[in-house]
Amino acid sequence: HGVAVEVLAADLTSAAGAAALRSACPAPDIVVLSGAWPAPQQRGGDVDAAQWQASLQTMLLSQIDILGGYAPGMAERGFGRMIAVTSRLIKEPEWELAQPSVARLGLRRHHPVLTRRRQGQTARPRA
């Protein structure tokens, strides 16, 4: 199909990793994100504030940053799709998986906000 494929190894939870992604692929038609899960020892509701902050950075805020970095260009081109892979946990939360459930729910609710902001343009977030 004449499509070039590039490989990038980067920590997308960091600002440097997100910048490397945008540099390697500045104008994608489709962005699909599936954030990392916390380590097993960090799962559950019995975690401290630092662990919660790390989880939210990894599974929510870094993904919002990546999607937000691509949305203006997609809107300007009049085309684009942003897909955030979530899980059944946003509908059926479990205590042992509280951190990913909360982060995924936040990401899922961010998509309609981004869509309303870009209403009338064809860049469409999906979750």
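FYI, it's all coordinate maths here, none of it is from the lab. Model, not experiment: these values are computed from the prediction. As a convention, Cβ positions derive from the backbone with ideal geometry for all residues, glycine included, and neighbour counts pool all protein chains shown.
Order the peptides 60-67, 93-100 from the highest to the lowest mean number of other Cβ atoms within 10 Å of their residues. Write down the numbers at each step before the final one.
On the way: 60-67: 20.4, 93-100: 17.0.
Taking the mean over residues of other Cβ atoms within 10 Å, the ranking is 60-67, 93-100.
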| message | Quick check: residue separation of VAL7 and ARG22 times 0.36 nm, minus the Cα distance between them. What number comes out in nm? | response | 4.1 nm
